[in-house]
Amino acid sequence: MEPQIPSRPLYWSPAVEAVCAALPPEAEVYLVGGVVRDAYLHRPIRDIDLATPGDGGPVARRIADALGGDYYPLDSERGVGRALIPWEGAQIIVDVARFRGPDLLSDLRLRDFTVNAMAVAATGDRTAILDPLGGLADLDRKVLRRCSPAAIASDPVRGLRAVRASVDFGLRIERETLADVRAHAARLAETSPERIRDEFLQLLGSNKPAAALAAAQRLGLLAPIIPELDGLAAIRQGPPHQYNVWQHTLQTVERLDALLRILGPARDVRDAANIGYGAVTIALAHLRPKLAEHIGRTWANGRSHRTLLLLAALLHDTGKGETQEIEPDGRIRFRGHEVISERIAEETGKRLRLSNDEIARLMTIVAHHMRPHWLAEVPQLSARAMYRFWRDTGPAGVDVCLLALADYLATYGVMLDQNAWLAYVEMIQRLLNRYFLEYESAVAPPPLLTGHHLIREFRLEPGPRIGEILELLREAQIAGEVSSYEEALNWVQRFIERPGQN
């Protein structure tokens with residue numbers, strides 16, 4: 001296997017250069033997979049994969065020690081080690097694995113797609129590529145091709161990876177590869193939930209998640225993962241909806257993805273010229289740093305909050321299949337669909353082996369996604385109503401607001417009324433201002449009285465009624481009806497003296 005000089009120079013980031021410099025000059029270690037592909041395409045790297053004839057653990061440990069990172073033995077039996085390297089305020093994953101076969105050529109042939117089956121000597125000439133399966137030519141032709149006829153059959157999760165690579169890199173999936181992905185899609189059910197979770201969430205985190213989901217659905221890849229999505233295309237909706245439930249779901253994902261790009265930490269303003277997104281950009285400009293911080297958080301094992309939000313968008317209307325009602329006048333209703341959708345969100349989270357915290361957040365977003373729509377129908381949005389929203393949703397209320405904006409845009413589509421949309425955005429702005437700018441006064445003000453005060457001053461018995469009175473008192477405080485200890489005592493006295501309160 002002779003190395004070749006590619007038609008365009010390889011670009012190696014400083015992080016890759018630092019990792020290679022940490023290796024002994026005589027070591028037989030190769031840069032493999034995505035890092036080589038991205039060096040050829042001049043794309044930023046996400047992680048670094050290395051392959052070596054022996055145990056990768058000691059190599060990974062050496063890299064971690066040299067660059068001040070942490071070492072983890074990923075798979076001792078297969079000789080895989082991981083180094084987590086701090087780099088420019090972030091973390092880079094470096095995985096070092098023993099060859100999958102007796103030599104490098106065998107290793108490359110056992111990989112998924114030809115564009116990921118290239119190698120470069122980490123301690124040698126990094127201008128030349130070992131490309132036994134024609135990955136460079138496939139990249140130039142913009143084709144995604146399996147490494148062998150057994151590539152997909154031996155690991156059906158690679159079907160999800162094929163869709164993601166196709167969308168992220170603009171590659172056409174070659175005919176036989178496509179047929180294999182479709183033929184083995186149902187076998188995803190036989191794969192470990194953790195591997196499905198990781199690949200599926202990466203697909204959601206792709207450059208075009210809605211397009212990736214649409215392709216995955218056509219290939220039969222979604223049904224084994226989230227079977228509740230399978231029948232959504234057959235559920236029609238009435239006005240103001242422009243699409244069936246599945247089309248609406250994809251539109252919601254697409255619009256939420258655009259909003260997160262505009263408001264998130266890696267700001268992308270290309271969509272802001274659109275009137276729908278532009279209104280949000282202007283209205284929430286003063287909150288963008290806080291929203292970016294919120295969107296940029298991570299969950300267990302570094303899973304992104306952005307991806308969890310997109311998963312909520314994917315699931316928000318899954319309950320419509322069980323709740324569709326067609327009234328005598330032809331109107332279509334989905335009463336209580338958010339309750340069923342919340343249950344499906346919980347089941348999906350458990351199926352994907354998400355953490356308990358992720359599942360709880362996912363359920364809260366889905367359960368309350370209609371709340372902003374209902375609030376928008378109220379002629380005058382009161383302080384009490386906004387307080388109750390944040391009381392019931394907590395931090396997830398920020399996610400609910402973002403999903404609601406996307407849901408609104410996806411509902412009206414090209415029929416979006418500019419004035420109605422501006423009013424809706426203003427309502428969302430007021431809600432978010434309450435949380436981010438007025439939290440201590442409008443969401444969680446210091447209590448004027450405690451349960452001990454009620455027991456002592458009014459001789460009330462301990463129990464649920466104490467909590468009910470304190471909650472109503474807090475609403476009165478939020479509404480500006482009481483503001484001092486004495487006023488609070490008078491309010492409670494009047495409340496207790498009302499007919500039916502004793």
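The values are calculated or read from the model by the stated rules, or taken from the named source; none is laboratory data. Just so it is clear, the model here is predicted, and its values are computed rather than measured. Because the Cβ atoms are built from the backbone with ideal geometry, glycine has one as well, and the counts that use them run over all protein chains shown.
Of all residue pairs spaced 6 or more apart or on separate chains, those with beta-carbon atoms under 8 Å, a first member in the stretch 47-62 that is part of a loop (DSSP other than H, G, I, E, B) and a second member that is surrounded by fewer than 19 Cβ atoms within 10 Å (Cβ to Cβ) are 53/28; 53/103. Given the criteria farther than 14 Å from residue 38 by Cα and in contact with a Cys (Cβ under 8 Å, 6 or more places away or on another chain), does residue 133 qualify? Yes, satisfied. The residue list 173, 129 contains one member that is in contact with a strand residue (DSSP E or B) (Cβ under 8 Å, 6 or more places away or on another chain) and either surrounded by fewer than 19 Cβ atoms within 10 Å (Cβ to Cβ) or not assigned by TED's automatic domain parsing to the domain that holds residue 220 (or both), which is 129. In the stretch 371-427, counting only helices (runs of 4 or more DSSP H) that sit wholly within it, the ones holding 1 or more residues that are over 27 Å from the mean Cα position of the chain (by Cα) and farther than 25 Å from residue 289 by Cβ span 383-393. Being among the hydroxyl-bearing types (Ser, Thr, Tyr), in contact with an Asp or Glu (Cβ under 6 Å, 6 or more places away or on another chain) and assigned by TED's automatic domain parsing to the domain that holds residue 330 is a condition met by no residue of the stretch 198-211. The set of residues in the stretch 235-248 that are of a type outside the set (S, T, N, Q) and either in contact with a helix residue (DSSP H, G or I) (Cβ under 8 Å, 6 or more places away or on another chain) or in contact (Cβ under 8 Å) with a residue 40 or more places away in the chain (or both) comprises 235, 236, 238, 240, 241, 243, 245, 246, 248. Of all residues in the stretch 346-403, exactly one satisfies the criterion of being surrounded by 15 or more Cβ atoms within 10 Å (Cβ to Cβ), among the polar types (S, T, N, Q) and more than 22 Å from residue 248 (Cβ to Cβ), namely 393. The residues on offer are 212, 189, 179, and the sole one that is of a type in the set (Gly, Ala, Ser), at pLDDT 95 or above and within 24 Å of the chain's Cα centre (by Cα) is 212. Of a type in the set (Asp, Glu), touching a Phe, Trp or Tyr at 6+ places or on another chain (Cβ under 7 Å) and either at pLDDT 95 or above or under 25 Å from residue 39 (Cα atoms) (or both): is that true of residue 107 in this structure? Here the answer is yes, as residue 107 does meet what is asked. With respect to the conditions (1) of a type in the set (Gly, Ala, Ser); (2) closer than 22 Å to residue 401 by Cβ; (3) modelled with pLDDT of 90 or more; (4) loosely packed, with under 15 Cβ neighbours inside 10 Å, residue 266 falls short on a single one, namely (3).
The number of residues in the stretch 185-197 that are within 12 Å of residue 351 (Cα to Cα) and in a helix (DSSP H, G or I) comes to 6.
No other residue among 154, 166, 106 is assigned to a loop (DSSP other than H, G, I, E, B) and either farther than 17 Å from residue 49 by Cβ or polar (S, T, N, Q) (or both) apart from 154.
Can you find even one residue in the stretch 101-115 that is without any contact (Cβ under 8 Å) to a residue 24 or more places away in the chain, on the phi < 0 side of the Ramachandran plot, in the same structural domain as residue 10 (by TED's automatic domain parsing) and touching a helix residue (DSSP H, G or I) at 6+ places or on another chain (Cβ under 8 Å)? The answer is yes; a qualifying residue exists.
Contact map, the stretch 425-449: first residue modelled with pLDDT under 95, second residue in a loop (DSSP other than H, G, I, E, B), Cβ cut-off under 8 Å, separation 6 or more or different chains; pairs are 440/446; 448/482; 448/483; 448/484. Inside the stretch 35-46, residues that are surrounded by fewer than 19 Cβ atoms within 10 Å (Cβ to Cβ) and in contact (Cβ under 8 Å) with a residue 60 or more places away in the chain make up a count of 1.
Taking residue 442, is it assigned to a helix (DSSP H, G or I), over 27 Å from residue 274 (Cα atoms), among the aliphatic types (A, V, I, L, M) and touching a Lys or Arg at 6+ places or on another chain (Cβ under 6 Å)? Yes.
Yes/no matrix, rows are residues, columns are (1) under 18 Å from residue 394 (Cα atoms); (2) surrounded by fewer than 17 Cβ atoms within 10 Å (Cβ to Cβ):
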residue	(1), (2)
412	no, no
423	no, yes
426	no, yes
430	yes, yes
439	yes, yes
447	yes, yes
452	no, yes
460	no, yes
464	no, yes
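Tell me whether the stretch 63-75 contains one or more residues that are assigned to a loop (DSSP other than H, G, I, E, B), within 29 Å of the chain's Cα centre (by Cα) and crowded, with 18+ Cβ neighbours inside 10 Å. Yes, because at least one residue in the stretch 63-75 is assigned to a loop (DSSP other than H, G, I, E, B), within 29 Å of the chain's Cα centre (by Cα) and crowded, with 18+ Cβ neighbours inside 10 Å.
Being farther than 18 Å from residue 113 by Cα, surrounded by 23 or more Cβ atoms within 10 Å (Cβ to Cβ) and among the hydrophobic types (A, V, I, L, M, F, W, C) is a property that residue 201 lacks.
The residue that is farthest from residue 242 (Cα to Cα), counting only those in the stretch 326-349 that are at pLDDT 90 or above and not in a helix (DSSP H, G or I), is 336.
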